[in-house]
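All remarks here apply to the structure that follows.
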Amino acid sequence: MCGIVGFTGNQPAAPILLDGLKKLEYRGYDSAGIAVLCDEKITVSKVTGRIANLCEKTEDGKNVPGFTGIGHTRWATHGAPTDNNAHPHLSNDGKFAVVHNGIIENYVLLREELIADGFVFESETDTEVVVHLIEKYYQGDFKKAVIKTTTRLHGSYALGVVCADEPNKVFVAREASPLILGVGVGENFFASDVTALVSHTRNVIYLEDGEFAEVTPEAITVFDCLGNTVDKKVSRINWDIQSAEKGGYEHFMLKEIMEQPRAVKATIAPRIQGSEIKLDDLEISDEYLKSINKIIITACGSACYAGCAGKYAIEKLCRIPVHTELASELRYSDPLIDEQTLLIVLSQSGETADTIAAIKECKSRGAKVLSLVNVVGSTIAKISDYTLYTWAGPEIAVATTKGYTTQVALLYVFALYVARHLNRIDEPTYANLLETLEDMPSKVQEALDSNPHIPNLAKHYTPDRSVFFIGRNTDYAASLEAALKLKEISYIHAESYAAGELKHGTIALIDEHQPVIALCYNKDIYEKTMSNVVEVKARGADVLAVTFKHNVKIASVADDVIYVPNVETVFSGIVEIIPLQLLAYHVARENGCDIDKPKNLAKSVTVE
Ligand code: AGP
């Protein structure tokens, strides 16, 4: 996720662009840049690091003259944070500059085509193909060149484009990434969200997917892909800036929970091309995959629990033994590792100290390391042999949600890829599971929409005592993350327990009105888990069951039920956690907790 801004009017553009980028830093902050038009020339200033570096480089915009421009603050997805990879990107002839938020899924093919046409690329980004396509299609008509370019793009984009031939004009285009136009007096704006606009105007126009706009100081004209004008209403923004940063949600955590359909799609979709999975530029040979006789998944906290969910998928599909180990334990365990061990590392931040130490320990013993991280160019990405990125966008809330589900999603993609390359999966199963992955974003949205009663449930499940989460197999993996979510944001003690283990001691704790959240989604072992539900009910527990849709029978046993959309069990770890994230959120909200910044916790634990 990145942030884009643009301005055209009768005052210097650069200071306005910089101010807008500061308001969008929460959307991405590893590099930034602006492009300003002056005397039919585009001046581009780009830096690695925070907006402050850009302000310093441009003397707060004073050394970049001009009244029309665009700006970008980046969250790297393709290409590490460097000046060259920062936006805006300039065409070879210097006539166009582009800023982009989103992912161009077919950029590799477009890049090859443009290089063959003689275009020279300066960056590793997907975005740069856009500016060269515009140059390729430009024959004097800026609008036509932009529209024709977008017909070649697959994926998501919010684009801002300037052309040296048209000094007081900006073109924007939107497909699956937010883009909002700010309506001023003698000046107009655009941005990724209203936070960058409200200090200038509260009158906005929301672009929809497939729409374009020509923005000049005098007017904003919205049109469709055929060039036909579209009438749009002007809305009035009543949010303050802080709530606007949260997209109108009360907390970043809730915003990020709701972003999961997009984040999961951004992580899965670019890796499915036709009926094949393409793992970026991952150069793991089939020979090496065949040599692996053990996989260790290591991480900390929620990332480790994502590994637990992924373990079931990799073992089921690839038939390779998988051990999930807490990094803080693995690093001191004198681990049994050799060249045939693949270490899979999960980390949202890419900077977790225990995880870094575990990597170094395992590498010293001969393991190859594949890291799945959310921050491009992070320490863990740099010290790994292979890296795949989750494309969740920046995660601000300390308690991870989209970071977790995109890690699980990427593990599922990897498991299916390896199973295919090791010929361990038949064609019908592969096709069915590929379709399951393609449908996952809509299933996540359905899981978000399916349980409007969760806020009321949270009122009941705000006990002054511990909460037990029980489950088996994939349900047990989900219960580990569900228990942590509740603990870390509501400060209520919660314990995840393998349901089959209750009779070996813990059931002694179950008495009248003991809250038990039973994860009964896995159909393969459903009856077994239900027997545990009956056991705890018999001892007086209050049971909230989390189960698959249309399982009406369970309502006769459990006190409350949360239904989860049906997906293949082996890939159930994403949808199953969604309602439990929401439950933890609403319990914490009931308790008046500081949800985005829980006490004693940091977003990235960079110390032991
Ligand atoms: C998750 O809600 C916690 N904030 C914490 O467990 C986190 O998952 C853990 O510290 C690992 O962080 P990482 O993914 O950045 O390595």
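The values are calculated or read from the model by the stated rules, or taken from the named source; none is laboratory data. Computed from a predicted model, the values in this text were never measured in an experiment. We place every Cβ from the backbone using ideal geometry, glycine too, and count neighbours over all the protein chains shown. Just the protein is used for accessible areas: all its heavy atoms, side chains included, with ligands, DNA and RNA removed. Shrake-Rupley method; radii C 1.70, N 1.55, O 1.52, S 1.80 Å.
For residue 518, the stated conditions do not hold, so it cannot be described as assigned to a helix (DSSP H, G or I) and either over 27 Å from the mean Cα position of the chain (by Cα) or of a type in the set (Gly, Ala, Ser) (or both). Is it the case that region 578-594 has a residue that's among the hydrophobic types (A, V, I, L, M, F, W, C), under 30 Å from residue 430 (Cβ atoms) and within 16 Å of the ligand (Cβ to nearest atom)? Yes.
Which is without any contact (Cβ under 8 Å) to a residue 60 or more places away in the chain, of a type outside the set (D, E, K, R) and open to solvent by 10 Å² or more (accessible area, probe 1.4 Å), of 552, 516? Can you show your working first?
Numbers: 516 fails: open to solvent by 10 Å² or more (accessible area, probe 1.4 Å).
Unique residue meeting the criteria: 552.
Give me the residue from region 74-119 that is among the polar types (S, T, N, Q) and at pLDDT below 95 and, out of that set, surrounded by the most Cβ atoms within 10 Å (Cβ to Cβ). Spell out the reasoning first.
Of the residues in region 74-119, the ones among the polar types (S, T, N, Q) are 77, 82, 84-85, 91-92, 101, 106.
Within this subset, residues satisfying the condition of being at pLDDT below 95 are 77, 82, 84-85, 101, 106.
Working: 77: 21, 82: 16, 84: 16, 85: 24, 101: 30, 106: 15.
Among residues in region 74-119 that are among the polar types (S, T, N, Q) and at pLDDT below 95, the one surrounded by the most Cβ atoms within 10 Å (Cβ to Cβ) is 101.
So which residues in region 502-524 are of a type in the set (A, V, I, L, M) and either modelled with pLDDT of 95 or more or closer than 12 Å to residue 466 by Cα (or both)? If the condition is that a residue be of a type in the set (A, V, I, L, M) and either modelled with pLDDT of 95 or more or closer than 12 Å to residue 466 by Cα (or both), then 509, 510, 516, 517, 518, 519 are the ones that fit.
When you go through 349, 302 one by one, which is the residue that is part of a loop (DSSP other than H, G, I, E, B) and within 23 Å of the chain's Cα centre (by Cα)?
Testing whether each residue is part of a loop (DSSP other than H, G, I, E, B) and within 23 Å of the chain's Cα centre (by Cα) leaves just 349.
Screening region 85-150 for helices (runs of 4 or more DSSP H) wholly inside it with 3 or more residues that are among the β-branched types (Val, Ile, Thr) returns the ranges 128-137, 142-150. Of the residues making up region 319-346, just one is touching a residue at least 40 places away in the same chain (Cβ under 8 Å), within 26 Å of the chain's Cα centre (by Cα) and more than 16 Å from the ligand (Cβ to nearest atom), namely 342.
In region 368-384, the residue that is nearest to the ligand (Cβ to nearest atom) out of those that are at pLDDT 95 or above and among the small types (Gly, Ala, Ser) is 371. Only one of the numbered conditions (1) assigned to a loop (DSSP other than H, G, I, E, B); (2) within 32 Å of the chain's Cα centre (by Cα) is violated by residue 231, and that is (2).
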